[in-house]
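Below is one structure, written out as structure tokens; the observations come after it.
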Amino acid sequence: MRRRVRKPGGGGRKSGRVEEWERGEWKAEMGGGFGSDTRQPRGRRGTEEIGKMNGTTTPNAANSYPHMVLDYYVEKLRAMRAERAQRLKRVRTRADALRYRADVRRKVRRSFGPMPKKTPLRARTTGTLAQAGYRIEKVLFESRPGFLVSANLYVPDKLDAPAPGVVGCCGHSEQGKAADAYQGFAQALVHSGFVVLVYDPIDQGERDQYLGLPKSRHPRGCCHAHNMVGKQMEAAGEFFGMWRAWDGIRAHDYLRARKEVDPTRIGVTGNSGGGTLSTYLWALDPRFAVAAPSCFVTTYYRNLTNEEPADCEQCPPDILRFGCEQADLLIGAAPKPLLLLGQEYDFFDRRGLEEAYADVSRISTLLGARRDDIRLFVGPTTHGYSPHNRAAMVRFFCRQLGRCVRKRAVTALAPDALFAARRGQVARSGSRRTSQLVAEKAVALKHARRPVPPARLPARLADVLQVPRRLGVPDYRILKPQHHLPAQGDVVARFAVETEPGILAILKKVARKPHTRIDPDRRVALWLPHVDAYADMCADRLARSLHATGDVYYLDVRGLGESLPVCRKGQFFHPYDWDYMLHSHGLMFGESYLGRRVFDVLRTMDLLRAEGVRQINLYGRGMGAVTALFAACLHPCVRHVTLKNGFDSYLTLATVPVSPWPASVFPAHILETLDLPDCRQYLGRRCRVVEPWNANPPRKEFPGS
């Protein structure tokens, strides 16, 4: 059954400030989301305008393919969904549904990776607040050794038997469990006889992992903080979403161990990022009896086509490669009772929510769900755990877990009244930090790795980067020359190399006159820029010095230069913007976004070799330095490679608290196999390092980071 509360009349009004840092709030601060009308139309753009967006000033370049990579992933996702639709169509019986459920369970577990071993919670109560009809206990427990989780436990007065419990997951609020919305649903549940545990997510509430860092280096808000540690975890073979889910699993362990709680009647709920965690816990922890995720569930397809970014924990690795949609995370727990909550005007697209509901409802019915077990409620307002959704959740939980709804006014307490840790931060109570734990993992991986034999390094590197096989010579288009270099009078000839269907790498050649073919010398220089080829050929001293030495080519790989997505001014490196979003979708498809950029370089060098080139001197600057190093290890035509403004190693990036290098230069699992020093050693004297930036490059080179 489904119920939707429609918005009467004209515009809806949000019922109070629900969350301090929900993604909708973030959009307002940043001046509109990806889907807002601030996005520029397609077509060619002057590089002065593009340069202002990415932090450079390079007049007169083109931005001809800004939606190319987005459209590439949209087509891949459409193909995956078409195949999934056929699989679902073949599910007609209970036996079919059981096989489908077993399949998605296996895939979700593979996506999230192995769970750590359970260790003692070492839980302690640091204080108690007596309230009208209930008490709030201030709790600390360890989800991992030395890694503290702060929580509030809401316990009804005068319990005469173990009561049902609820694990409450918080969305992206800086106040965590103390945000009005989360105090609100906890109070509504405790008044109706539930024992409720609401815990702080990592980097929210009392769990600031960067406490003590200068303001200039501290991540700006919890979403930035999540994506900061998330990229470091990726390099070390971890998924931040599993870390977040593990906190919730251990919160469940604590709640079910309480004598006031009936361990067979425990539910889970949360909103936005808490809706994410409710969905994950429903998929990963079979002990939950009922769930109500709010303002998260839609489809990956709607998020991508609506140009909606998501935190790194909301992008499970390989999930799209495995052919799963968001509904499959919920189907894994079918036919247990489930209430899906959304909002009429949420940025999590309601169409995707309705599609997910239909999929879950159909499979659950085949598996024996009762009429009222799978429900949908859509509130009348915008993103948030509004009173409408809260009331629907309480009614559903009461019906499923044997309680009566008792309506009482909810009154938020001051955040400091709910502090469980010393002076409101677990770090001051001796907690270890994510940066410490990730650094230890990275160092342990280094010591555990065996040296890579030189003969095997290219194959192992190609495997880490998931570089596809290269067959034949790529086709190319001859584009109109557009630019004259300042004070030089040279023309920039342009060629679009089709490195794979739907992807064009833009090759540029500095020449005295327009070219209608590539026509290279036997020896050429190929430059891979930091962000934009034209910017580097105009402004970089080393790049300009090459123009007098012979044929010089520049290459804009996917998502850079001429295919740079149109982003907000100076925000290309924002941890929530286009480069990050495309990288995260590559991860979900089981691809390395960096590996595909390396593939663009390799295919372009294949073309140059077919055109008569025998030796390539490869140059890379900034992000291009990483790409150049990997490409030099994988292509036989590279004679020398010069790396300018790069970094020393992934170990370095994984062992500092913060670094502005974007997620798109962090290949998943690389530290399990090799690191950049292995690649430089493989190349030996053919590799030269110039002016390295290392872990903390100039911020002006990474605007928005």
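Scanning region 512-539 for residues that are more than 20 Å from THR642 (Cβ to Cβ) and open to solvent by less than 10 Å² (accessible area, probe 1.4 Å) yields one hit, ILE518.
Look at region 382-401: where a residue is more than 17 Å from GLY270 (Cβ to Cβ) and a partner is modelled with pLDDT under 95 and in a helix (DSSP H, G or I), sitting 6+ places away or on another chain with Cβ atoms under 9 Å, you get THR382/GLY24.
For region 269-278, indicate whether the set of residues that are out of contact with any His (no Cβ under 9 Å at 6 or more places or on another chain) and in a strand (DSSP E or B) is non-empty. Yes; the residues of region 269-278 include at least one that is out of contact with any His (no Cβ under 9 Å at 6 or more places or on another chain) and in a strand (DSSP E or B). Being in a helix (DSSP H, G or I) and either at pLDDT 95 or above or open to solvent by 30 Å² or more (accessible area, probe 1.4 Å) (or both) holds for only one residue in ARG408, ARG450, ARG403, ARG423, and it is ARG423.
If you check ALA459, ALA533, which single one turns out to be without any contact (Cβ under 8 Å) to a residue 12 or more places away in the chain and either within 27 Å of CYS679 (Cβ to Cβ) or in contact with a Cys (Cβ under 8 Å, 6 or more places away or on another chain) (or both)? Spell out the reasoning first.
Values: ALA533 fails: without any contact (Cβ under 8 Å) to a residue 12 or more places away in the chain.
Unique residue meeting the criteria: ALA459.
If only one of GLN209, GLN175 is polar (S, T, N, Q), farther than 27 Å from VAL405 by Cα and in contact with a Gly (Cβ under 9 Å, 6 or more places away or on another chain), which one is it? I'd like the intermediate steps shown before the answer.
On the way: GLN209 fails: in contact with a Gly (Cβ under 9 Å, 6 or more places away or on another chain).
Result: GLN175 is the single residue among GLN209, GLN175 that is polar (S, T, N, Q), farther than 27 Å from VAL405 by Cα and in contact with a Gly (Cβ under 9 Å, 6 or more places away or on another chain).
Within region 266-273, is even one residue within 15 Å of the chain's Cα centre (by Cα) and open to solvent by less than 10 Å² (accessible area, probe 1.4 Å)? Within region 266-273 (the criterion being within 15 Å of the chain's Cα centre (by Cα) and open to solvent by less than 10 Å² (accessible area, probe 1.4 Å)), the answer is yes, since at least one residue qualifies. Taking the criterion of being touching an Asp or Glu at 6+ places or on another chain (Cβ under 8 Å), of a type in the set (Lys, Arg) and surrounded by 12 or more Cβ atoms within 10 Å (Cβ to Cβ), would at least one residue in region 458-472 satisfy it? Looking through region 458-472, at least one residue is touching an Asp or Glu at 6+ places or on another chain (Cβ under 8 Å), of a type in the set (Lys, Arg) and surrounded by 12 or more Cβ atoms within 10 Å (Cβ to Cβ). With (1) in contact with a Lys or Arg (Cβ under 7 Å, 6 or more places away or on another chain); (2) aliphatic (A, V, I, L, M); (3) not in a loop (DSSP other than H, G, I, E, B) as the list, and VAL566 as the residue in question, which single condition is left unmet? Every listed condition holds for VAL566 apart from (3). TYR554 passes every criterion in (1) surrounded by fewer than 24 Cβ atoms within 10 Å (Cβ to Cβ); (2) within 11 Å of ARG621 (Cβ to Cβ) apart from (1).
Yes/no matrix, rows are residues, columns are (1) closer than 24 Å to MET581 by Cα; (2) under 15 Å from the mean Cα position of the chain (by Cα); (3) outside any helix (DSSP H, G or I):
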site: TRP246; (1), (2), (3): no, no, no
site: ASP253; (1), (2), (3): no, no, no
site: ALA291; (1), (2), (3): no, no, yes
site: VAL297; (1), (2), (3): yes, no, yes
site: GLU307; (1), (2), (3): yes, yes, yes
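Those helices (runs of 4 or more DSSP H) of region 31-119 in which at least 1 residues are under 23 Å from the mean Cα position of the chain (by Cα), at pLDDT 95 or above and over 26 Å from LEU329 (Cβ atoms), considering only elements entirely within it, cover 68-89.
Hey, any hits in region 579-594 for a residue that's at pLDDT 95 or above and over 25 Å from SER659 (Cα atoms)? Yes, the conditions are met somewhere in region 579-594.
For region 679-695, filtered to residues that are open to solvent by 30 Å² or more (accessible area, probe 1.4 Å) and under 28 Å from the mean Cα position of the chain (by Cα), the residue that is nearest to ALA235 (Cα to Cα) is ASN694.
Residues in region 290-319 that are among the hydroxyl-bearing types (Ser, Thr, Tyr) and in contact with an Asp or Glu (Cβ under 8 Å, 6 or more places away or on another chain) were compared, and the one that is farthest from SER592 (Cα to Cα) is THR298.
Here is the figure for region 251-267: residues that are hydroxyl-bearing (Ser, Thr, Tyr) and farther than 18 Å from ALA161 by Cβ total 1.
Checking each residue in region 140-165 for being buried (at least 24 other Cβ atoms within 10 Å of the Cβ), among the aliphatic types (A, V, I, L, M) and either more than 27 Å from the chain's Cα centre (by Cα) or modelled with pLDDT under 95 (or both) picks out only LEU153.
Any chance you could count how many residues in region 483-507 are charged (D, E, K, R) and modelled with pLDDT under 95? Give the derivation first.
Taking region 483-507 as the starting set, the residues that turn out to be charged (D, E, K, R) are 490, 494, 498, 500.
Retained after the next criterion (residues that are modelled with pLDDT under 95): 490, 494.
Qualifying residue count for the region: 2.
In the condition set (1) in a helix (DSSP H, G or I); (2) open to solvent by 10 Å² or more (accessible area, probe 1.4 Å); (3) hydrophobic (A, V, I, L, M, F, W, C), VAL656 is compliant with all but (1).
The values are calculated or read from the model by the stated rules, or taken from the named source; none is laboratory data. Bear in mind that the values here come from a model prediction, so they are computed numbers and not experimental data. Ideal geometry is used to build each Cβ from the backbone, glycine not excepted, and the neighbour counts take in all protein chains shown. Accessible surface areas use protein heavy atoms only, side chains included; no ligands, DNA or RNA. Shrake-Rupley method; radii C 1.70, N 1.55, O 1.52, S 1.80 Å.
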